[in-house]
Amino acid sequence: MPASRSELEAALTAAVQRRFGAGARVENLKQATLGGSNRTLLFDVVEGASRRRLVSREETFTGHTSPFLPPKTQYRILQLVYAAGAPVTEPVFAFDEQDTLGPGYVTAFAAGETLPRRLLADPTHHAAILRGLAAALAHLHKLDPAQFSFLAELPESGDAIAALRQRLDVLEEPHPALELGLRWLERNAPPQRRVLLHGDFRNGNVMIDGARITALLDWECAHLGSEAEDLGWLCTRSWRFGAMDKHAGGFGTRRELLDAYADAGGRNIEEDEVRWWERFGLARWGMYNVLQGYGHVHGRASPAYAACGRNAALMEYDLLMSISGRYD
């Protein structure tokens, strides 16, 4: 995988010229992130007088412990939801075996902000953002799940609790607080449904420009399941970023989100069902933290992975406080 800026630019130029012709150039290359699971590059494709800003997204978290969809599957989902008018960036091309970049894909660029603390600092647009988030989910959940039948065999598309337990058991690490949480979830589980879910719908994975949702990002966790799972993940305590009384990503209350979701054509969902998925979300986020800590020790050493491993204890504490009724 290319590492230096010159290597990245050369590899990206070769990939672009294969799709757009030998005269295409890559300019204004910027490496936006090398986060926990992906490398993101921003760049311009220049063809004569035409210039277009694009984004390359490459997978960097690999191995048998990875819970994420392969980029080719993410790209296929993007193609379908973009064609259905969902607020996602246009998929442009996927890397293949002839490219030295990847696995990954390239999309159009979307303007806006993703950093949660910046988005929450000014409440001016929070009510409108909340309505936009609800409308985006309602649109997504109404898509025909038959189009996404290739996701049906994912563990997460079946028994959600069993899938989470399976991910933990592979690591062979003792986490009694998570085990207790899973047992509580099993005993109190709501009926399961099967619609397309984003799977990681939260403050931080949505591009927002003012009051407008410009793109839903990070599709590596998409699967089939209950609508309330996406809503509950957005409301999970970890994604409120200090605004604990604003359950829905810090933008508004759980009730406000559910009302806006119903107004946008979504199913009428009770708060208790969403609360169950919030607790599931804490167990799930705890599992991801454990998984990334494991990756730091046994795979690719990463300060981000190490910090996530340390944070697993916080998720366990929040989960115990939530199922005891001390946290809303």
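Sketch the reach of a paramagnetic label on Asp159 as a point 7 Å from Cα along Cα-to-Cβ, and name the residues of the range 168-186 whose backbone nitrogen lies under 18 Å away.
Flagged as within label range: 168-171, 179-186.
List the GluC sites (Glu not before Pro) within the range 139-243 that DSSP assigns to loop and that have no more than 11 neighbouring Cβ atoms inside 10 Å.
Glu153, Glu172
Relative to a virtual label point 7 Å from the Cα of Thr40 in the Cα→beta-carbon direction, which members of the range 116-148 show backbone nitrogen distances below 11 Å?
Under cut-off, by backbone N: 116.
How far apart, in nanometres, would the label points at Glu27 and Ala111 be if each is projected 7 angstrom from Cα along the Cα-to-Cβ direction?
Each label point lies 7 Å from its Cα, and together they span 1.9 nm.
Would you indicate which of [x] 31, 59, 10, 0; [y] 26, 48, 22, 3, 0; [z] 31, 47, 19, 2 is the value of P(r) over Cα pairs in 20 Å bins from 0, in percent derived from the coordinates of this structure?
[x]
Hey, rough spin-label estimate for Arg53 and Ala211, points 7 angstrom out along Cα→Cβ, what's it come to in nanometres?
The answer from the label model is 2.3 nm.
For Lys142, go through the aspartates and glutamates and keep the ones whose alpha-carbon is under 17 Å away, minus same-chain ones fewer than eight residues off.
Counting by Cα, and skipping residues close in sequence, Lys142 has these aspartates and glutamates nearby: Glu227, Glu229, Asp230, Asp259, Asp263.
For the pair Arg310 and Arg194, how long in nm is the line joining their label points, each one 7 Å along Cα→Cβ?
Using points 7 Å along Cα→Cβ, the separation is 4.3 nm.
Cα atoms only: what Rg and Dmax, in Å, come out for the range 193-260?
For the range 193-260, the Cα-based Rg and Dmax read 11.9, 34 Å.
Evaluate E = 1/(1 + (r/R0)^6) for Met321 and His298, where r is the Cβ-Cβ distance and R0 equals 25 Å; express this FRET efficiency to the nearest 0.05.
Numbers: r = 30 Å, r/R0 = 1.21.
It comes to 0.25.
Among 195-208, 232-245, 275-288, what's the highest-first ranking by average C-beta atoms within 10 angstrom per residue?
The most tightly packed comes first, giving 275-288, 195-208, 232-245.
Every read-out reported here was derived from the displayed coordinates using simple, explicitly stated rules and does not represent laboratory data. None of the values given here were measured: they were computed from a predicted structure. Cβ sites come from the backbone with ideal geometry, for glycine too, and all protein chains shown count toward neighbours.
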